1. If you look at just the Cα atoms of the stretch 34-123, how large are its Rg and its Dmax in Å?
2. Considering the zone a paramagnetic label at residue 67 would reach in this model (a point 7 Å from Cα along the Cα-to-Cβ line), which residues of the stretch 124-158 have amide N under 19 Å from it?
3. Write down Rg/Rh for the chain, rounded to two decimals, with Rg from the C-alpha atoms and Rh from the Kirkwood relation over Cα pairs.
4. Return the tail of the calculated pair distribution for the stretch 67-117, meaning the percent of Cα-Cα pairs more than 16 Å apart.
5. Would you rank 7, 36 by solvent-accessible area, highest first, keeping every protein chain in place and using a 1.4 Å probe?
6. Under unit Cβ charges (Lys, Arg +1; Asp, Glu -1), what dipole magnitude, rounded to 20 debye, does the stretch 1-98 have relative to its Cα centre?
7. Can you give me the three principal axis dimensions of the stretch 1-44 from its C-alpha atoms, in Å, biggest first?
8. What is the calculated FRET efficiency for residue 38 to residue 159, with r their C-beta to C-beta distance and R₀ = 35 Å, to the nearest 0.05?
Amino acid sequence: MLAKVPVRRRDGKSSFAGLLSYVIKDATAIAHSSEVLSPDTAPAEMEQVASFSRAKDPVYHYVLSWRETEIPTDDEAFDSVKETLTALRMHDNQWVADVNRNTKNVHDHVAVNRVDPKTYRAVSIFRDWVALDRACREIEVKQGWMHDNGPHRVDTGADG
């Protein structure tokens, strides 16, 4: 399982509406945080919360992707989303995630508002790829998937 954070727009024109329309376009299943009412109203709700912050770019997007031979259930895919959000310290933030089965690899797109809806402070994404990679290795162990390459590796001890 791999996590990828797409390159962020440098022009500062990221939008929740644009990201969420892309995220849910080919979705076979959709989930969202309790902090949003529905995926349809999520862009407006996320913009509202972000407006109370000084964050320059509160829009955050990442992708979780499984190997071709690994077909997670929707529940396993959304559990993985929740675990990675916890690793990023964004589990209490507004988010919408989907499961896509339109390519060889099952994958999730996750759209997150970096601004915490209670404190209105943006979560730092410094070294986010390290936190995501570690979470992926932990999810692989938990779900019994093969281990992918990355900065973290899994070693099996003598006791299994």
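The values are calculated or read from the model by the stated rules, or taken from the named source; none is laboratory data. Just so you know, these numbers come straight off a predicted model, no measurement behind them. Here Cβ is always computed from backbone atoms with ideal geometry, including for glycine, and neighbour counts include all displayed protein chains. When the accessible area is computed, the model is the full protein with side chains, heavy atoms only, and any ligands, DNA or RNA have been set aside. Shrake-Rupley method; radii C 1.70, N 1.55, O 1.52, S 1.80 Å.
1. My reading of the Cα-based Rg and Dmax gives 13.9, 44 Å.
2. Counting only backbone N, you get 133-157.
3. Values: Rg = 15.7 Å, Rh = 16.1 Å.
For the chain, the value is 0.98.
4. Details: 523 of 1275 pairs.
Percentage above 16 Å: 41.
5. Working: 7 130, 36 5 Å².
The most accessible residue leads, giving 7, 36.
6. On the way: 11 positive and 16 negative charges, 151 e Å.
Around 720 debye, computed over the stretch 1-98.
7. In descending order, the Cα extents are 30, 30, 20 Å.
8. Details: r = 47 Å, r/R0 = 1.33.
The value I calculate is 0.15.
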